[in-house]
Structures are given as structure tokens and as C-alpha cells.
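The values are calculated or read from the model by the stated rules, or taken from the named source; none is laboratory data. Bear in mind the structure is a predicted one, so any value in this text is a computation, not a measurement. Virtual Cβ from ideal backbone geometry, glycine too; neighbours counted across all protein chains shown.
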Amino acid sequence: MLDEEELGECGKIVEVLVVKASDVAKLLSKPPEGDEVSLRFGKIFEEEYALANHVYRWAWYAQISKWFIRKVAARLRAEGIYKRDLILKAYRAYAALLKAGVVGEKPRTRFKELTNSLFVAAQPDLYDETTDTYYEFKLYPINEYARKQAEVFAWVLGKPVVLVGLREDPGGYVSVEKEVINPPKDLEVDVNELRKVAVAEDFCSDLMIPVHQYDKYFTEEYYDIYEE
């Protein structure tokens, strides 16, 4: 359901600076090192898991796991990084997250002003509308960088974020660890450093969201589509 204040008009167009939550987190804690294959695999898994959660709402559950693995395998082959070990890892992570109740759909990006037309953008991995819960999951054990990123998400959203990490033992068994990350009062970060990595975007002055997001979610065409 749309927030009441989001039903207004876009207002005049203003230019602001926007920085991603991950860039804020990098100034608060050093991100974990990883090889290129692991990083690309993680991105593919994140995207396909969110999509599988969407499909799960409309399809027979037993079909989803096979469909998910086929999609992941196809994308790994397309990027030239296909390995049987990665397929096994994807399946085990998929099963562990589902068993732990880490479900939902990819939420739209939210924005919050840090200072003087400098906004922080946050888009956690999943939002479960039935429990009003945001999730951010990692394919590795929870570390300080993951906590800081989740803190930034929570600060922007103004509500807790459930941080989920996966731990794999030598036998391949994957266990899930969870932490509830509450919104910090402030983001103790160097604003000048953030401005160096921020990008300029056109915002709606009344709603303080990007114009492209307003066009996508809040125009008459959007409501017509979903009210039929």
C-alpha cells in the first residue's frame, strides 16, 4: 500500500545528490575481499532469489527450485563462470534461506536526506509484506561491513532490518544466522567523502523521490494498470 504522503503531485524538479547505502557502508567499515567470480555469483544469486520469491506467489512451489537452479546455471554459463560447485552452493543457499523464512519481494528504493540536498538511497534485498519485514542477506557469515550496510538501510527506512548470513561447514551444510539491526540515531560518516561518490539526480520537490520513480509508481498510468 502506498504511503499517504506519496499520493501527492511531483511538484517542481530539483537537482540533488544521491549516494548508495553500500558506498556509505564502505566509509564506515572495510568491505570483505572477494574474487571476481564470487562477486558475480553473489549478484546473480541475489537477483534470481528475489525473482524466485516473486514467481513463488503465482506458481506451484515444487517447480520453483528446479526453475531457480536452471536460471542460475544459464546466467553462470552466459557469463563464462559456470561451475558445478557454484550450482550446489546456489541450491544449498536457496534451500537454507527458504527454510529460515527469508522471503519477500524486492522493494523499491527509498531515500532519506542526510544533509543539504544529499540523499542516501537504500534498497534491501527483500521485503515481506505479510510480516512487514525487510531482509538483507549475505552468502557469507555476518561481518562488520554487513552490519554497517544494514544500519544504513535501517536509518533510511526508519525501521529495523533483519540481517541474514550463511555459514557453510566443511561438509557443505549451510546454516543461517540472523541479527536484527535497529536504525541508528545518526550516520557518523564524512559528508565530504560521500559527496565525492554521489551522483546528481532530478527529484520531485514535493515527494523527494527521483522523477523516474514518480513516473513509474505514481502516475495515472500506474494506477490504471493495477486497478483493472
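Overview of results
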{"read-out": "Members of the range 181-207 that are over 20 Å from the mean Cα position of the chain (by Cα) and assigned to a loop (DSSP other than H, G, I, E, B)", "value": "LYS185, ASP186, GLU188, VAL189, ASP190, SER205, ASP206, LEU207"}
{"read-out": "When residues of the range 182-220 are limited to those that are β-branched (Val, Ile, Thr) and touching a residue at least 40 places away in the same chain (Cβ under 8 Å), the one farthest from LYS138 (Cα to Cα)", "value": "VAL211"}
{"read-out": "All positions within the range 62-121 that are basic (Lys, Arg) and in contact with a strand residue (DSSP E or B) (Cβ under 8 Å, 6 or more places away or on another chain)", "value": "LYS89, ARG92, LYS99, LYS106, ARG110, LYS112"}
{"read-out": "Residue ID - farthest from the chain's Cα centre (by Cα), chosen from residues in the range 151-175 that are among the acidic types (Asp, Glu) and either surrounded by 12 or more Cβ atoms within 10 Å (Cβ to Cβ) or outside any loop (DSSP other than H, G, I, E, B) (or both)", "value": "GLU168"}
{"read-out": "Among the candidates LYS148, LYS178, residue that is touching a residue at least 12 places away in the same chain (Cβ under 8 Å), of a type in the set (Lys, Arg), buried (at least 16 other Cβ atoms within 10 Å of the Cβ) and outside any loop (DSSP other than H, G, I, E, B)", "value": "LYS148"}
{"read-out": "Neighbours by Cβ (under 7 Å, 6+ apart or cross-chain): first from the range 117-133, assigned to a loop (DSSP other than H, G, I, E, B); second of a type in the set (A, V, I, L, M, F, W, C) and buried (at least 22 other Cβ atoms within 10 Å of the Cβ)", "value": "PRO124/PHE153; PRO124/VAL161; ASP125/PHE137"}
{"read-out": "Residue within the range 92-102 that is modelled with pLDDT under 90 and among the charged types (D, E, K, R) present", "value": "no"}
{"read-out": "Subset of the range 185-208 that is within 19 Å of LYS12 (Cα to Cα) and modelled with pLDDT of 90 or more - its residue that is surrounded by the most Cβ atoms within 10 Å (Cβ to Cβ)", "value": "PHE203"}
{"read-out": "Residue in the range 184-194 that is closer than 30 Å to LYS99 by Cα and of a type outside the set (Gly, Ala, Ser) present", "value": "yes"}
{"read-out": "Among (1) at pLDDT 95 or above; (2) within 30 Å of ALA93 (Cβ to Cβ); (3) not polar (S, T, N, Q), the one test that GLY172 misses", "value": "(1)"}
{"read-out": "Members of the range 86-126 that are farther than 27 Å from VAL37 by Cα and among the aliphatic types (A, V, I, L, M)", "value": "LEU114, LEU118, VAL120"}
{"read-out": "Residue that is among the β-branched types (Val, Ile, Thr) and under 20 Å from VAL162 (Cβ atoms), where the choices are VAL24, VAL55, VAL18, VAL37", "value": "VAL24"}
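To keep it simple, each residue is scored yes or no on (1) modelled with pLDDT under 90; (2) closer than 19 Å to LYS216 by Cβ; (3) of a type outside the set (Phe, Trp, Tyr).
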site: VAL16; (1), (2), (3): no, yes, yes
site: VAL19; (1), (2), (3): no, no, yes
site: PRO31; (1), (2), (3): yes, no, yes
site: PHE41; (1), (2), (3): no, no, no
site: ILE64; (1), (2), (3): yes, no, yes
site: ILE69; (1), (2), (3): no, no, yes
site: ALA73; (1), (2), (3): no, no, yes
